[in-house]
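In what follows, a structure is listed as structure tokens, so that the remarks can point back to it.
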Amino acid sequence: MPDSFDLIVIGSGPGGYICAIRAAQLGMKVACVEKRATLGGTCLNIGCIPSKALLQSSEEYWHTAHGLKDHGVIVDGVKLDLARMQARRAEVVTANVKGVEFLFRKNKVTWLKGTGRITGPGKVDVDGTEYETKNIVIATGSESMPLPGVEVDEKHIVTSTGGLELDKVPGHLVVIGGGYIGLELGSVWRRLGSEVTVVEFLDRIIPNMDGEISKSFERLLTRQGMKFRLGTKVTGARKGNDGVTLSIEPAKGGAAEELKADVVLLSIGRRAYTEGVGAGVGLDERGRVQTGAHYATNVPGIYAIGDCIAGPMLAHKAEDEGVAVAEIIAGQAGHVNYGAIPGVVYTWPEVASVGQTEEELKAAGAAYNVGKFPFAANGRARAMGETDGFVKLLADKATDRLLGAHIIGPEAGTLISELTMAIEFGASAEDVARMCHPHPTLEEAVKEAALAVAGRALNM
Ligand SMILES: Cc1cc2nc3c(=O)[nH]c(=O)nc-3n(C[C@H](O)[C@H](O)[C@H](O)COP(=O)(O)OP(=O)(O)OC[C@H]3O[C@@H](n4cnc5c(N)ncnc54)[C@H](O)[C@@H]3O)c2cc1C
């Protein structure tokens, strides 16, 4: 007789595994179903972690080859060992996925290996064995969005999965899609020597982020040698002996052109993965599991979280939902503040954002003040030789409450946490400005931008 559980989580990505651990902490008997050979989902296996490993390694390579001369450090004969770099990426992934296995053992979470299918309320089939459970959390994640006419083979036309595993630096890499995944992977291969062209349907890159940041980002990436074809759509791809030929044309209509590439990275976004969810669980018009209040689906006892439901497809959003839903099932008041979820692009410089963009505030007819401060006027940034970019804060005109924070510059992904906390705590720009910031740090640019909201920056 197979085991029965208080909770079965389907999927072990950051949403699912964190949910399973939190539920176990709260005293539930928990199982987590995972069909992949290793735990950790997209994030740990083929997403956040391997991409950051390659971003780090490629940055070390680029910096050693090009970034040290100014500091008076001369290094000759810098060479790339791509096989070692890729082996390191794999080692980083293994350490992380093994870490989740350890956490499952520590918290007595059972890993049910195989494909989970909900056969009815309180019933989950895993490769032919049916388990009973009081509650089910669907955390099946997402998959790369396909593009008609562009057939992925993960060798010449790759998704991010193949794009992380190339064993040769492509001569010309064409990235379809100017979102964060395409720009991060484009940066990796650019630093390692590829010519990189980004083709984007819209007239701007990172379309969900603040427009001013997006323009500055495009300029800085262009300076690094990346080329952009904005307002351009890809209508087809033809594979030949000498690479791939893409058919492109202006998004608004116009003459078609051909663009040759050695490798094409298709990264136009991701879509919810819900195969096997079953049991009459309702999906929305975009194929995501439909959830109401408290992550409940239309079927009692079945909940859903992470990339397979609405909201930003980010690991930390999935994790926070995993904690919240476990607490809700345990009768507590789990909650996620969707107004304070940071987003980071881990290129160099980094881009980070939390809260509302200037475009969103304008569209809502909100009255706001803007405070900006460039890293070029920050002592620490000058000492680092990293003066590109700026901090931009948006605060309510009447109350000074912080509404949005947008940073492009060194360590933006770290700097954003202070502002996420400020938004979470309902702080004003003046609260941030009056807080003592250590000197000399990049954080002082945040303080100065907060001062600039009231027109009283001190170092500019
Ligand atoms: C290249 C790349 C880079 C990224 N970088 C970042 C980043 O830097 N920061 C960030 O916040 N986000 C990043 N993301 C996004 C992040 O990976 C996702 O938001 C996150 O993984 C979503 O977590 P999840 O738990 O909802 O789903 P997933 O991580 O997708 O996990 C779902 C799991 O469920 C399993 N599964 C599905 N169906 C079944 C079934 N029926 N039975 C058993 N198992 C099943 C799958 O095998 C998978 O392991 C990146 C994504 C990619 C592709």
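The values are calculated or read from the model by the stated rules, or taken from the named source; none is laboratory data. All figures in this text were calculated on a predicted structure; none of them were measured in a lab. Positions of Cβ are backbone-derived with ideal geometry, glycine not excepted, and every protein chain shown enters the neighbour counts. Quick note on the areas: whole protein, heavy atoms, side chains included, nothing else; ligands and nucleic acids left out. Shrake-Rupley method; radii C 1.70, N 1.55, O 1.52, S 1.80 Å.
Observations
- Members of region 167-180 found to be surrounded by fewer than 23 Cβ atoms within 10 Å (Cβ to Cβ) and under 15 Å from Leu266 (Cα atoms), listed by number: Pro170, His172, Gly179, Tyr180
- The set of residues in region 46-81 that are more than 15 Å from the ligand (Cβ to nearest atom), within 27 Å of Leu183 (Cβ to Cβ) and among the aliphatic types (A, V, I, L, M) comprises Ala65, Leu68, Val78, Leu80.
- Top-ranked residue of region 16-45 - restricted to ones that are within 6 Å of the ligand (Cβ to nearest atom) and surrounded by fewer than 22 Cβ atoms within 10 Å (Cβ to Cβ), ranked as nearest to Leu166 (Cα to Cα): Arg36
- When region 278-318 is filtered for residues that are open to solvent by less than 50 Å² (accessible area, probe 1.4 Å), among the hydrophobic types (A, V, I, L, M, F, W, C) and farther than 30 Å from Val345 by Cβ, the ones remaining, listed by number, are Ala279, Val281, Ala296, Val299, Ile302.
- Where Asp125 falls short, out of the listed (1) within 15 Å of the ligand (Cβ to nearest atom); (2) in contact (Cβ under 8 Å) with a residue 60 or more places away in the chain: (2)
- Against the numbered list (1) buried (at least 19 other Cβ atoms within 10 Å of the Cβ); (2) out of contact with any strand residue (DSSP E or B) (no Cβ under 8 Å at 6 or more places or on another chain); (3) over 22 Å from Phe217 (Cβ atoms); (4) not basic (Lys, Arg), Leu451 comes up short only at (2).
- The condition (being within 12 Å of the ligand (Cβ to nearest atom) and open to solvent by 20 Å² or more (accessible area, probe 1.4 Å)) is satisfied by just one residue among Glu327, Glu321, Glu275: Glu275.
- The number of residues in region 288-318 being within 16 Å of the ligand (Cβ to nearest atom) and outside any loop (DSSP other than H, G, I, E, B) comes to 12.
- Only listed residue being open to solvent by less than 20 Å² (accessible area, probe 1.4 Å) and β-branched (Val, Ile, Thr), chosen from Ile49, Ile10: Ile10
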